[in-house]
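Notes for the one structure printed next.
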Amino acid sequence: AHSEGLAKGSVYVNDCTEGIFNDKNKIISLLPIGITKVEGKFSKGDIIEIKNEKAEKIGFGVAQYGHEKAQELIGTKNSKPIIHYDYMFIE
């Protein structure tokens, strides 16, 4: 929650994923299938921003992959989360 200015990169999520994040009754991790774009150079354990398709910041989280692996996994199914819900804050 206090990560302003500490982010090493960003991931952009599709509208469907953003809609799920906006439902406060659901708790989900950020899976690669919901990601449309990766920006910046970050490593596993770095704080990254979560942005919507309009490039508006919607949250932060701790990356479970580095930027190269995250880029490879964009849009894929059956992968571990890019950000686990225990390490994510949605505004």
Segment 7-33, residues that are part of a loop (DSSP other than H, G, I, E, B), open to solvent by 70 Å² or more (accessible area, probe 1.4 Å) and within 16 Å of Ile90 (Cα to Cα)
Lys24, Asn25, Lys26, Ile27, Leu31
Can you tell me which residues in segment 36-56 are touching a residue at least 40 places away in the same chain (Cβ under 8 Å) and either within 14 Å of Phe21 (Cβ to Cβ) or of a type in the set (Asp, Glu) (or both)?
Glu49, Ile50, Lys51, Asn52, Glu53
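How many residues does segment 43-90 hold that are open to solvent by 90 Å² or more (accessible area, probe 1.4 Å) and on the phi < 0 side of the Ramachandran plot? Let's see the steps before the verdict.
In the first step, residues of segment 43-90 are kept if they are open to solvent by 90 Å² or more (accessible area, probe 1.4 Å); the result is 44, 53-54, 56, 68-69, 71-72, 77-78, 80, 85-87.
Subset that is on the phi < 0 side of the Ramachandran plot: 44, 53-54, 56, 68-69, 71-72, 77, 80, 85-87.
Looking only at that region, the number is 13.
The values are calculated or read from the model by the stated rules, or taken from the named source; none is laboratory data. The structure displayed is predicted, hence computed values, not measured ones. Here the Cβ is made from the backbone with ideal geometry for all residues, glycine too, and neighbour counts use every protein chain on show. Protein only, heavy atoms only, side chains kept; ligands, DNA and RNA dropped before computing areas. Shrake-Rupley method; radii C 1.70, N 1.55, O 1.52, S 1.80 Å.
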